[in-house]
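The values are calculated or read from the model by the stated rules, or taken from the named source; none is laboratory data. Predicted, not measured: the structure shown is a model, and the values here were computed from it. Virtual Cβ from ideal backbone geometry, glycine too; neighbours counted across all protein chains shown.
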Amino acid sequence: MTTSSRPGMDTHPDIIEMRARHDMAERAATTPRAQAVETIALVTGLYLAASPWITGFNGLSTLTVNNLITGIAYAVLMSGGFGRAYERSHSMAWAACLLGAWTIIAPWAVAGDVSTPRTITNNIIVGVIALVLALMAAAAGRPADQATWRRR
């Protein structure tokens, strides 16, 4: 009987590529900039959820519920808790971009007359901050994406 020695799975080109992408993504996630963006985004989401009570427009129930749900969703998406590697979770930042844009237009889009100066100012400022942070988080994973597409 002859035994042939086959190369192990460790040398398979796909495995090598996946390891390289994972290492690149881990390096992107551990930078101080990425961690700062993630922390500020979490605080922004929590503020958005609590903003109706902080700024005093909690009587406008439709916008209150909207900001509560949007703020919690934004904080969860941007906290990075769902992906073990930043490469997998940074794509959630694109969904957070939509939530930031929604926050900006929400005072005019939700049912009822909730477009007061207080609600408009609050939602525009928080929405712009949320949108910028989400774009920064999405851009942080871009080098890993570009490396993947160059190999194809």
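Data overview
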| read-out | value |
| --- | --- |
| Qualifying residue in the range 136-143 (condition: more than 13 Å from the chain's Cα centre (by Cα), farther than 17 Å from Ala41 by Cα, assigned to a helix (DSSP H, G or I) and at pLDDT below 80) | yes |
| Output for the range 41-65, where each listed residue is within 17 Å of Ala130 (Cα to Cα) and free of Cβ contacts under 8 Å to residues at least 12 places away in the same chain | Val43 |
| Qualifying residue in the range 70-78 (condition: over 8 Å from the mean Cα position of the chain (by Cα), in a helix (DSSP H, G or I), at pLDDT below 90 and farther than 15 Å from Val37 by Cβ) | no |
